[in-house]
Structure formats: structure tokens, C-alpha cells
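Asker: Pasting a structure here, questions to come.
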Amino acid sequence: MEREIEWLDACRRMAARQADLFAATRGIAERTEYEGRGEGGDMTLKLDRQCEDIVFDELERLAAAGVAMSAVSEERGEVLLGSGDPVHRVVIDPIDGSMNVRRTIPSHSLSVAVADGDSMEDVHFGYVHDFGAGEDFWATRGGGAHLGESRIAPPQPEMPLEVVGLESSDPRWILGAIEELRGEAYRIRSIGSIAITLSYVACGRFDGMLSARGCRSVDAAAAQLIVREAGCEMVFVGYELGAAALDLETRYPVVAARSLEHLETVLAAQEAGVARRSA
Ligand SMILES: [Mg+2]
């Protein structure tokens, strides 16, 4: 647990420094400066790189204190830090919701997962910071999920499917999903950050969520532990938890819900979206 607190403190320092950076970079034009393409394939915003620099600065501090790790991040790819065999695999998205950052939409997040293996099942610490609301979601394996300092309570049985979060909501990919949810879900919300949307399922703000298209491990690695530790259901479509890799290549749609019944509904919607997608 001591180690987990160390990770939590480091993540909170990263979030605080990123928040300062966003506060100093306020306008849409200022936030829309690009610097080429990252390892993950997306165009890199200058802000993406600056946020990643902050994250790596804090990771290097931990490495200098004796924590050897391999760090996987969208822009830099995989990097070894510290000396000796890397004990931890750290999977980072410095900005989940780059489009929101660029357009000055408040909801975007920092996502940091720490694993002792190379699959989602091996994640033992997960941290998501929502810069819009200034909220921390975090979990430790076997230690439960937290919103700030409060432990998240397990879901109540038999709640209706009131609000469903839709991510990667490319209009060409969501038609079938929305049709499938007609008559099943009361309202749909689309935040634009997979990590925040998963965290919302974990803490009961959403009853379910789906990503219309495949996402990367960096988007989901931290929040999937938060979802599971909160007692909710989590699926990487097409992969068992132990086979969903923590790398930059694999893509998997994610689906989560507060009950098995709701999971079936959102999973069917995700699949219907894929089936109806148009070019
Ligand atoms: Mg990103």
C-alpha cells in the first residue's frame, strides 16, 4: 500500500502541474498548435507533448528513487526508466480527450495505470484526473475504487438503465448503437474522454458506456481497474481481461455497466454499431 500511495502522490503532482499549464494556455488558437505525429498515430498537439513531459519528469523522479519501470505513452512509445529489470509497467495517456483540450471543452483527463504484467488484468493501480471538474478517480487492486478521498460504494441492484455514455462517437459508427438503445436507455451522454466516461460508470453517474470504435490501452488501462474495483462490469470486446494487451498497437472497443443485465444491453448496442457502420 505504501507503494500505491507513492504512485498516487506522483499522479497528483502530474495533475497539478498540468492544470497550471492549461490555465496558462487558455484560448482555442493557443491550444491548437501541432508538432507532428506521436507513436500512437495521432497528430501531436504541443500541449500533448508538454503534458507528457510533465508526466515523465515525475516518473523519472520515482525512477531515480529506485523504482525501475517501463513506461508506455502515446507520444514517446515505450521507454525504460531507472536501473535494473523494470518491475512496473506504467501506461499513460497524458491527455485523454485531446479534442476537448484543443476546443477548450473542460472535460479531459490524465490517465495513469501501473501494472505488474502486460495485460489489463495485471494493472494494480489506476488514476484518472478530470481537469474539468478537478476530480480524482483512483483504485488499487483489491483496495477498492475512490473518488477523491471517498471510497466508491458498490452498485445498487436493479437500477434502471437511465444514462449511457457513448465514446469514440463518430457519427458513422453510432447509428446502430443508438437504434439498439432505443427503448432501453433513457438518455445518452457523450463526454469525449474514455477514461472519464468509464470513471462515471464506476461512481454511478452513468449506468453503462460503450466505445463505438476500438480504443487504445492508454485510454482505458487506469479506468478499467477503477470500474472493476467499484464492483461494476467491464469488457474489452473480443479479448479476455488477461489477453487485453497494455501496448500501443492493440485496439479494442470497451463496454462497461453497473450490472450484468445492463452490460448485455450496452454490449449489444456496441455490436449493432459496428454492424451498421458505414464507410
Ligand atoms: Mg491522448
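Asker: Find the residue count for region 95-107, including only residues that are of a type outside the set (Val, Ile, Thr) and under 10 Å from the mean Cα position of the chain (by Cα).
Answerer: Residues flagged as of a type outside the set (Val, Ile, Thr) and under 10 Å from the mean Cα position of the chain (by Cα) within region 95-107 amount to 2.
Asker: Next question, about the same structure. I'm told Arg251 meets every condition in (1) within 16 Å of the ligand (Cβ to nearest atom); (2) crowded, with 18+ Cβ neighbours inside 10 Å except one. Can you identify the failing condition by its number?
Answerer: Among (1) within 16 Å of the ligand (Cβ to nearest atom); (2) crowded, with 18+ Cβ neighbours inside 10 Å, Arg251 violates only (2).
Asker: Tally up the residues in region 56-68 that are at negative phi and either among the small types (Gly, Ala, Ser) or within 11 Å of the ligand (Cβ to nearest atom) (or both), please.
Answerer: The total comes to 4.
Asker: Another question about this same structure. Give Arg189, Arg151, Arg182 a once-over and let me know the one that is free of Cβ contacts under 8 Å to residues at least 12 places away in the same chain and under 20 Å from the mean Cα position of the chain (by Cα).
Answerer: Arg151
Asker: Out of everything in region 43-71 that is of a type in the set (D, E, K, R) and in contact with an Asp or Glu (Cβ under 7 Å, 6 or more places away or on another chain), what residue ends up being farthest from Arg17 (Cα to Cα)?
Answerer: Only one residue tops the list, namely Lys46.
Asker: Kindly provide the set of residues from region 6-31 that are more than 17 Å from the chain's Cα centre (by Cα) and of a type in the set (Gly, Ala, Ser), ordered by number.
Answerer: If the condition is that a residue be more than 17 Å from the chain's Cα centre (by Cα) and of a type in the set (Gly, Ala, Ser), then Ala10, Ala16, Ala19, Ala23, Ala24, Gly27, Ala29 are the ones that fit.
Asker: Output the number of the condition that Ser83 fails; it satisfies all remaining conditions of (1) in contact (Cβ under 8 Å) with a residue 40 or more places away in the chain; (2) of a type in the set (Ser, Thr, Tyr); (3) more than 13 Å from the ligand (Cβ to nearest atom).
Answerer: Failed condition: (1).
Asker: Looking only at region 127-138, decide whether some residue is surrounded by fewer than 20 Cβ atoms within 10 Å (Cβ to Cβ), without any contact (Cβ under 8 Å) to a residue 40 or more places away in the chain, in a loop (DSSP other than H, G, I, E, B) and touching a helix residue (DSSP H, G or I) at 6+ places or on another chain (Cβ under 7 Å).
Answerer: no
Quick grid of which residues meet (1) touching a Phe, Trp or Tyr at 6+ places or on another chain (Cβ under 9 Å); (2) over 18 Å from Ala145 (Cα atoms); (3) among the aromatic types (Phe, Trp, Tyr); (4) not in a loop (DSSP other than H, G, I, E, B):
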{"site": "Gly192", "(1), (2), (3), (4)": "no, yes, no, no"}
{"site": "Val201", "(1), (2), (3), (4)": "no, no, no, yes"}
{"site": "Phe206", "(1), (2), (3), (4)": "yes, no, yes, no"}
{"site": "Leu210", "(1), (2), (3), (4)": "no, yes, no, yes"}
{"site": "Val218", "(1), (2), (3), (4)": "no, yes, no, yes"}
{"site": "Gln224", "(1), (2), (3), (4)": "yes, no, no, yes"}
{"site": "Leu248", "(1), (2), (3), (4)": "no, yes, no, no"}
{"site": "Thr265", "(1), (2), (3), (4)": "no, yes, no, yes"}
{"site": "Gln270", "(1), (2), (3), (4)": "no, yes, no, yes"}
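Asker: State the number of residues belonging to region 69-117 that are hydroxyl-bearing (Ser, Thr, Tyr) and surrounded by fewer than 22 Cβ atoms within 10 Å (Cβ to Cβ).
Answerer: Of the residues in region 69-117, 4 are hydroxyl-bearing (Ser, Thr, Tyr) and surrounded by fewer than 22 Cβ atoms within 10 Å (Cβ to Cβ).
Asker: List pairs: first in region 49-78 and without any contact (Cβ under 8 Å) to a residue 12 or more places away in the chain, second part of a loop (DSSP other than H, G, I, E, B), Cβ under 8 Å, 6+ apart or cross-chain?
Answerer: The qualifying pairs do not exist here.
Asker: Consider Ser119 carefully, then state whether it is under 22 Å from Glu249 (Cα atoms), within 14 Å of the ligand (Cβ to nearest atom) and not basic (Lys, Arg).
Answerer: So Ser119 fails the test.
Asker: Still on this structure, please answer the following. When you check His129 against the structure, is it within 15 Å of the ligand (Cβ to nearest atom) and under 17 Å from the mean Cα position of the chain (by Cα), yes or no?
Answerer: So His129 passes the test.
Asker: Could you say whether any residue in region 27-48 is within 15 Å of the ligand (Cβ to nearest atom), among the hydrophobic types (A, V, I, L, M, F, W, C) and surrounded by 13 or more Cβ atoms within 10 Å (Cβ to Cβ)?
Answerer: Yes, region 27-48 contains at least one residue that is within 15 Å of the ligand (Cβ to nearest atom), among the hydrophobic types (A, V, I, L, M, F, W, C) and surrounded by 13 or more Cβ atoms within 10 Å (Cβ to Cβ).
Asker: Would you be able to tell me the number of residues in region 92-110 that are in contact (Cβ under 8 Å) with a residue 40 or more places away in the chain and away from the ligand (no atom under 12 Å from the Cβ)?
Answerer: Residues flagged as in contact (Cβ under 8 Å) with a residue 40 or more places away in the chain and away from the ligand (no atom under 12 Å from the Cβ) within region 92-110 amount to 4.
Computed from the coordinates by the stated procedures, all read-outs in this text should not be read as laboratory data. Since this is a predicted model, take the numbers as computed values, not measurements. With ideal geometry, Cβ positions are generated from the backbone for all residues, glycine too; neighbour counts draw on all protein chains shown.
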